[in-house]
Structures are given as C-alpha cells and as structure tokens.
Amino acid sequence: MHPTIRYLKNKNLLWQANHAYHDTQNELHTGYQELDNALQGGFPEHGVIDIRSPLGIGELRLLLPSILLRQQQNTTELTTLIAPPMDINAEMWAEFGLSIERIMLIRPNSERDVLWSAEQSLKSGCCHSVVIWHSSLSVAQTKRLQLAAEKGHCLLFIIREPKQEQISLPVSLGLQLSPDKAGVNARITKRKGAFSKKAFTVNMHHYWPEICQPRQSNVLTFPLRASQVG
Amino acid sequence: MTRPPCVMQKLWLYLYFPSLQLDTLLQQSSDTDIHKQAYIIFDEAKNQTCQLNEAAYQAGIRLGMGLGTASMLKADLQVIPYQENITQNRLNSIAQNLYLATSDICFFSHNGLLLRVHNMLNLYGDLVTYWQHIKHILLTQNVHFHYATGHSPLAAKLLAVKAWDRITDSKIHIEQAMSKCTLQHTELSPKSIQKLNRIGIHDVKGLLKLPLADIAKRFEIDIVTYIGRLTAELSHPVNFFHPKPYFNQIIELLFDVQSIQILQKPLLQLLAKLELFLKERDLLTQSLKVYLSQREHNPIKLEVNSQQGEYLAKHWEELLFLKLENISLESPIFAIQLLAPTTYVRRPDKQDLFAGKQGLLSPLQLRSILQAKLGKKAILTPQLANDYRPERTTLLNQTNTKAAADFPLFALRPSFLLTPPQPLQEKVHLASGPERIETGWWDSEFIIRDYFIAYNALGQWYWIFKTPHNKWYLHGVFS
C-alpha cells in the first residue's frame with residue numbers, strides 16, 4: 001500500500017466503500033444462514049423493514065425466528081400484529097416457542113388507524129417488534145414510522161403485495177420475496193449503507209421440512225405423523 | 001396520685017359559604033375582568049337572589065331581592081339559575097379536602113359545614129394551629145367563606161352566618177357576640193319571631209335572659225329546642241360525614257360551548273383536581289366517566305378506561321381527548337361532570353432500575369391508548385384452548401391473559417385460518433398428509449377431516465382438508 005494512503009487510512013480520513021456504515025453489534029441473527037450472509041449479520045436492531053411478498057409463500061415464517069429471538073431478549077415487551085389479512089392461528093405461534101400472551105393483535109377499522117396504531121406501538125417503547133399488513137405507504141408516512149421505531153427501539157415489518165407502486169421508500173431494509181421449492185427466494189431491494197446484491201434462496205428445510213416442495217428423487221418419506229383421533 | 005379529670009370543653013367551628021355555586025362558576029376563568037361583571041344566582045322557587053358577587057353588591061343588589069329589582073339596579077346583570085346539585089357537589093368536595101385535616105365534619109345545611117373542634121385539639125395542640133391548617137385548605141378551594149366558633153353547633157352557625165369571622169374558645173367573647181345578634185339571624189320561624197317581638201324580645205340577648213322553663217310554658221317546643229341547643233343545655237345530635245373513596249365533580253360552564261377544542265380547558269381543570277384528589281390519598285383509578293350536559297339533547301356519556309391505574313392528569317388527558325375525537329356535539333354543552341367511580345390504593349411498581357432501556361409506556365398503558373381510540377373490540381390477545389378442532393384452538397381475548405397452555409400443541413399448523421373454510425377452487429399438489437382430525441362428537445360440531453399440506457402453482461402453501469363426502473376445503477395458509 002502506498003504510504004500516503006496508509007497514513008490517511010490510519011488517520012481515519014480515508015473512506016472505503018467496503019467499510020460502509022455497518023454496525024455488526026446491533027444486528028440480530030435472522031435464524032437463516034443465507035439471509036444472515038446476505039445481510040452481513042442479520043436484521044437491523046430497530047427500524048422499518050419493507051417486505052414485498054405474495055401471501056402464503058413463507059413470508060411470516062421468514063420473520064418468526066427473529067421475532068422469537070427478540071421476544072426472548074425483551075421479556076416484558078409485546079409483539080404487535082396489526083391488521084393481518086386473515087384470522088391468526090395462535091397454535092402455530094405457540095408451537096414455534098413464542099409466548100402468545102405477549103402478542104397483541106390490533107384490528108383497526110380503517111386504513112388510517114392501521115398507521116396510527118403502528119406509530120403508537122412503535123414509539124411506546126414497550127413493543128420489540130411490530131408486524132403490519134398494509135398496502136399503500138407514502139414517503140412521509142414511512143419516515144414517520146421510521147422515526148417512531150427509532151424512538152421506541154422497535155423493529156417494524158411491513159408486509160405487502162409485490163405489485164404495488166414502486167417508489168423507493170426510506171426504509172432501513174427492503175426485501176422482495178418470491179416462492180421457491182426449498183423456502184423463499186429473496187432479493188434485497190434496499191439497504192441503508194450497503195449495495196443490493198443478486199437474489200438468493202433462503203432454505204427453510206430445517207425448520208419446516210414438510211412445507212418444502214420435494215426435490216426430484218425416488219426416495220419415499222415415511223409418514224411422520226399418524227392420524228390423531230380425539 | 002390521680003390526675004384531675006379533664007373536663008373537655010365542647011367547641012364547634014362553623015364554616016359558612018355564602019356563594020358556592022357562583023364561586024364554582026367564576027373560578028373557571030383566571031381572567032380578572034370577570035369579577036367586574038355582576039353575577040347573581042337566582043332561586044326560581046323562592047323568587048329571590050340567593051348568591052351574588054362583589055360587583056353585584058356594589059350595584060346595590062342584596063340577598064333576597066326579586067329578579068325585577070335586581071335587574072333594574074344593574075342593566076348588564078348575569079343571572080344564573082340556582083342548582084342544588086352543584087352546591088351540594090362543591091360542598092362535598094370541600095368536605096373531602098377538609099377531611100385530610102380534621103376528622104369530624106357534618107353537613108349542617110346546604111351551604112355550611114360544621115366541624116367538631118375539641119377532640120382535634122389533642123392532635124393540633126391549640127386552636128390557632130388547628131385553624132391555620134383548616135384555613136390553608138379553605139384558601140386553596142377558591143371560595144368565599146365566613147367562620148365562627150361556638151360552644152354549641154347552633155351558636156357557631158349563628159355567628160358564622162352573621163360573618164363574625166373569629167376563632168376563640170373564650171365563652172365570654174362568644175356570648176358577647178351572640179347577644180348582639182338579632183332574632184332574624186337565628187333559625188327561628190318568622191311566626192315565632194313575631195311572637196317573641198310581641199313580648200318585647202328583639203335580640204338573642206333578651207332571648208337568653210329568659211329561663212328555659214318559663215319559655216316552655218308559653219311557647220312552642222321548637223323555640224325551646226332551639227334555645228336549648230343554642231346554649232348547649234340540650235344536646236344536639238349531629239351526623240358526621242364519611243369521605244367517599246371516589247371523585248365526583250360537576251362544573252357549570254361560564255358560557256355554552258359548541259366546540260370540542262374549547263371544552264378541553266375546563267376538562268383539564270377537572271382532571272387537575274382529580275389528580276390532586278388521588279395524589280393526596282395515594283389512590284389510582286382505572287376508569288373515568290364524563291357526562292357532558294347538552295342544552296337540548298340527552299347528556300353525552302363518555303367512559304375512559306386505563307388498564308393500568310393512573311392518577312396523573314396528563315395520562316387521562318391523552319385518553320380522554322382521543323375519546324373526544326370520536327364524538328360530535330348535537331347542541332351546546334353547559335355543564336361537565338367528572339366521575340371516578342372506583343379507586344384503589346396504589347401499589348408501587350417493582351421495576352429494576354438498571355434493566356436496560358426504560359420504555360415511555362407500559363404495555364397496559366399502550367393498550368389503554370389504543371382502546372380509547374379504536375374501541376375495546378379492536379385490541380386482542382390470543383389464547384389457546386384445548387380443542388382438536390383448529391377453528392376452536394385460538395381464542396381472542398379483549399383483556400390481557402396470562403394462562404399458558406399445558407396441553408400438547410401440534411406442529412405443522414398454518415399461520416392464518418380462513419373462517420369459515422372455503423371450498424377449494426384451484427389445482428394443488430399435496431406435499432404432506434393426511435392428518436385425520438375426528439372429534440367433537442360431544443357437541444353439535446362433529447367433524448371428520450383429513451388435512452393435507454398442499455401448494456399451488458404460484459408456490460403458496462395451503463392447509464386443505466377433505467371431508468368423508470370427498471369435498472375439499474381450504475382452511476389455512478402457511479404464510
């Protein structure tokens with residue numbers, strides 16, 4: 001290395017692209033090796049994560065390990081679910097290890113109230129994660145949610161359909177998901193302080209082997225469960 | 001050695017509030033100009049002025065005047081009808097506050113309180129210290145008052161109504177002051193006063209000179225009872241007040257209010273009073289009721305709940321104003337009542353001072369804020385029920401529950417359920433299954449279902465089932 005460059009680097013006057021804004025201490029493992037690699041650590045500690053995904057391909061299962069981890073780290077705080085598209089099935093959450101009495105489900109009547117309750121939950125400081133299902137968001141609304149999330153040290157996941165408007169929102173992380181045989185295909189569309197990379201597959205086989213499409217093989221799996229008669 | 005028996009001299013203090021309703025009305029505004037305006041409270045039943053302020057007095061208006069005379073004396077006179085419940089309510093709140101300093105309080109009339117002093121002197125030492133405490137509380141109440149002590153309840157009342165305004169336990173001074181009172185100041189009926197006048201008695205001095213036995217021969221029993229009680233020769237039983245553990249206050253607005261924004265200021269004053277009430281007693285409350293009296297419609301009733309007990313005005317303010325956003329006024333509001341029906345003693349929260357970040361709100365506070373705006377039905381907590389039928393496994397509670405499931409949970413359940421299950425209308429590939437659920441034979445919802453996990457061409461994961469009649473339904477989605 002050229003002495004001048006070394007000197008400038010030692011003085012911390014030279015900035016290199018691979019030393020971009022990146023605080024590994026503040027990142028939580030997502031529970032999926034591929035996603036952790038792509039995010040160089042995991043989801044941000046707090047902020048807004050915009051997830052564009054069709055319904056039912058595993059978008060919520062992608063978040064479950066990190067929500068579980070956050071719940072274990074913050075034993076008094078709530079997980080808030082706002083305006084889910086259907087009735088939630090608490091058995092699945094409980095079976096995954098979450099304490100469901102610390103889940104709060106909010107079903108507002110209007111679209112405006114969805115964002116209002118999200119903002120209240122985010123800035124309250126008593127929620128560690130908030131998941132909202134919401135279709136349209138403006139830049140101003142997103143900024144407001146981002147500020148609220150930073151105030152309350154909370155992580156907000158916004159799950160919405162992929163086809164909606166393509167303006168770039170000021171979120172901490174943007175993910176686009178599509179179905180895959182082994183789990184989901186993910187592409188990072190936006191990330192604070194980093195460049196997006198090409199798409200990758202998140203393998204969910206070790207959590208839910210049954211909810212993966214079979215690979216081409218001629219090995220028959222033995223039925224895992226007998227029928228339950230009660 | 002035996003101690004000489006301590007003869008405790010009985011002493012009573014009477015507090016007379018000449019203009020409770022007017023004081024309650026005028027204290028809403030801190031503006032000093034309001035006191036330049038003449039106000040009277042007019043009793044429609046008796047057709048006479050019963051309360052007036054300084055400006056009205058300066059104009060020549062006196063108590064007992066009719067409406068015609070009063071309005072002739074002052075052209076821009078504000079006349080407000082007398083309302084018994086406002087006076088009562090105010091008197092009650094004064095008594096609540098006095099109870100913090102003195103134990104025996106009696107509602108002696110609709111505009112006065114009687115305090116038993118002699119048994120409180122053991123605590124306060126002397127009369128002057130006692131009076132300083134009482135006076136301090138009265139001054140914070142922002143009401144006009146007159147006071148006097150006496151050796152019987154009626155003597156104290158007589159002197160207080162006459163505005164003697166002195167605190168003493170000297171029997172001579174009290175008797176001197178009493179003897180100057182005319183019979184009109186006493187509680188004797190006009191008929192009895194007339195009778196006494198005929199025999200040449202015009203003041204209390206003359207009345208007290210007569211022996212009680214002689215009066216009993218010539219006059220009715222009520223005069224005898226009055227004089228006997230005045231001189232403490234006859235005992236005067238009184239009922240003492242027991243403080244209510246709840247807060248209830250009514251204020252009448254200075255002018256009719258049609259906008260919610262203007263309503264916020266008097267509400268804040270009420271909330272500040274509530275905060276003081278609860279703080280002094282170390283109490284918390286979980287719900288508030290607000291009644292907004294409308295001029296031409298039924299009162300609006302609002303109920304605000306906080307999951308966590310609160311006393312601070314600013315917390316209630318936030319919840320109440322969220323509630324106010326959702327209402328619309330049909331006609332102008334003229335009075336507000338704030339009621340905290342149940343209270344309980346505060347228990348300190350045991351929180352670790354050093355346990356990481358301290359949130360601004362507790363989960364219960366957040367829940368209350370959300371409930372105030374969205375309604376109780378919108379905020380739910382899931383709970384598990386021990387039932388094999390998937391649609392019955394999840395219960396949604398409006399309250400916060402703590403029960404943990406102690407029964408086995410099944411893996412491979414979807415994150416979302418469709419209620420009711422929809423007929424399957426697309427081509428799917430089965431990925432795993434079947435899992436038979438055959439249950440509910442004990443009630444009307446008997447099911448036999450074979451559940452499969454399936455995926456469609458778009459890669460969406462479904463939880464589907466087949467009935468014995470070979471019909472396929474979509475029941476859940478693995479998100």
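Miscellaneous remarks
- Dipole size of the protein assembly as shown about its Cα centre, with +1 on Lys/Arg Cβ and -1 on Asp/Glu Cβ: approximately 800 debye, rounded to the nearest 20.
- Surrounding net charge for residue B:373, when Lys and Arg each add one and Asp and Glu each subtract one, Cβ distance under 15 Å: 0
- With a 1.4 Å probe rolled over the protein heavy atoms of all chains, the accessible area of B:471, B:289 falls in the order B:471, B:289, largest first.
- A simple spin-label model places pseudo-atoms 7 Å from Cα toward Cβ; at residue B:208 and residue A:199 they are separated by 10.4 nm.
- Evaluated over segment A:74-160, the Cα radius of gyration and Dmax, each in Å: 12.7, 38
- For residue A:127, residues with placed amide H under 5 Å, excluding near neighbours: A:78
- For the protein assembly as shown, share of DSSP beta bridges that run antiparallel, in % to the nearest 5: 75 percent
- Angle between chain B longest axis and helix B:363-374 axis [Cα atoms, degrees, rounded to 10]: 90 degrees
- Here the Karplus relation 6.51 cos²θ - 1.76 cosθ + 1.60, evaluated at θ = phi - 60°, turns the backbone of segment B:165-182 into coupling constants of 6, 9, 10, 7, 10, 7, 5, 5, 4, 5, 5, 4, 5, 5, 5, 7, 6, 8 Hz, with x for every Gly and Pro.
- Residue A:135-residue B:442 pseudo-label distance in nm [points 7 Å out on the Cα-to-Cβ vector]: 4.5 nm
- Computing FRET efficiency as 1/(1 + (r/R0)^6) for residue B:137 and residue B:471, where r is the C-beta to C-beta distance and R0 is 51 Å, gives about 0.10.
- The angle separating the long axis of helix A:59-73 from the principal Cα axis of greatest extent in chain A is about 70 degrees.
- Once the C-beta distance of residue B:31 and residue A:37 is scaled by a Förster radius of 45 Å, the resulting FRET efficiency is 0.05 to the nearest 0.05.
- The mean number of partner chain beta-carbon atoms within 10 angstrom of a residue's beta-carbon across peptide A:118-126 is 5.
- Computed lengthening from residue B:376 to residue B:314, 0.36 nm per intervening residue step minus Cα-Cα distance: 20.2 nm
- Dipole magnitude (debye, nearest 20) for chain B, charges at Cβ of Lys, Arg, Asp, Glu: 760 debye
- Karplus (6.51, -1.76, 1.60) ³J(HN,Hα), θ = phi - 60°, over segment B:150-163, in Hz, Gly and Pro reported as x: x, 8, 9, x, 5, 5, 4, 5, 4, 6, 5, 5, 7, 6
- Within the shell defined by Cβ-Cβ distances under 15 Å, the residues around residue B:20 carry a net charge of -3, with Lys and Arg each +1 and Asp and Glu each -1.
- Leading residue at positive end of dipole, chain B (Cβ point charges), from B:462, B:108, B:298: B:108
- Once B binds A, the 1.4 Å probe can no longer reach about 5100 Å² of accessible area, counting both sides.
- Share of carbon and sulfur in the accessible heavy-atom surface of chain A [1.4 Å probe, %]: 53 percent
- Over all other residues within a Cβ to Cβ distance under 10 Å of residue B:473, the charged ones net out to +3, with Lys and Arg as +1 and Asp and Glu as -1.
- The charge dipole of segment B:390-477, taken about its Cα centre with unit charges on the Cβ of Lys, Arg, Asp and Glu (plus for the first two, minus for the last two), comes to roughly 160 debye.
- Put the Cα centre of segment B:438-455 next to the Cα centre of segment B:241-275 and the gap is 57 Å.
- Given charges at Cβ of Lys, Arg, Asp, Glu: segment B:105-216 dipole, positive-most of B:147, B:201, B:127: B:201
- In this structure, residue B:217 and residue B:303 have a Cβ-Cβ separation that, at R0 = 56 Å, corresponds to a calculated FRET efficiency of about 0.35.
- Whole-number D in µm² s⁻¹ for the protein assembly as shown, Kirkwood Cα-pair radius fed into Stokes-Einstein, 37 °C, 0.692 mPa s: 102 µm²/s
- Take the convex hull of the alpha carbons in chain A; its mean projected area over all directions comes to 17.6 nm².
- Ranked by the mean number of other Cβ atoms within 10 Å of their residues, highest first, the peptides B:102-109, B:260-267 come out as B:102-109, B:260-267.
- Solvent exposure of chain B, expressed per residue, is 52 Å² of accessible area, with all protein chains present and a 1.4 angstrom probe.
- Leading residue at positive end of dipole, chain B (Cβ point charges), from B:248, B:190, B:95: B:190
- For segment A:96-202, accessible area per residue (1.4 Å probe, heavy atoms of protein chains only), Å²: 42 Å²
- The separation of segment B:179-202 from segment B:92-156, counted between C-alpha centres, amounts to 28 Å.
- Restricting segment B:365-469 to GluC sites (Glu not before Pro) that sit in a DSSP loop and have at most 14 other Cβ atoms within 10 Å of their own Cβ leaves B:426, B:445.
- Stretched out straight at 0.36 nm per residue, the stretch from residue B:429 to residue B:456 would grow longer than its current Cα-Cα span by 9.1 nm.
- Label-point gap, in nm, between residue B:195 and residue B:85 - each point 7 angstrom along Cα→Cβ: 3.9 nm
- Against chain B, whose longest principal axis is taken from its Cα atoms, helix B:260-281 shows a tilt of about 80°.
- Of all accessible heavy-atom area on chain B, the percent that carbon and sulfur account for (1.4 Å): 52 percent
The values are calculated or read from the model by the stated rules, or taken from the named source; none is laboratory data. Quantities reported herein were computed from a predicted structural model and do not represent experimental measurements. As a convention, Cβ positions derive from the backbone with ideal geometry for all residues, glycine included, and neighbour counts pool all protein chains shown. Keep in mind that these areas ignore ligands, DNA and RNA; they rest on the heavy atoms of the full protein, side chains included. Shrake-Rupley method; radii C 1.70, N 1.55, O 1.52, S 1.80 Å.
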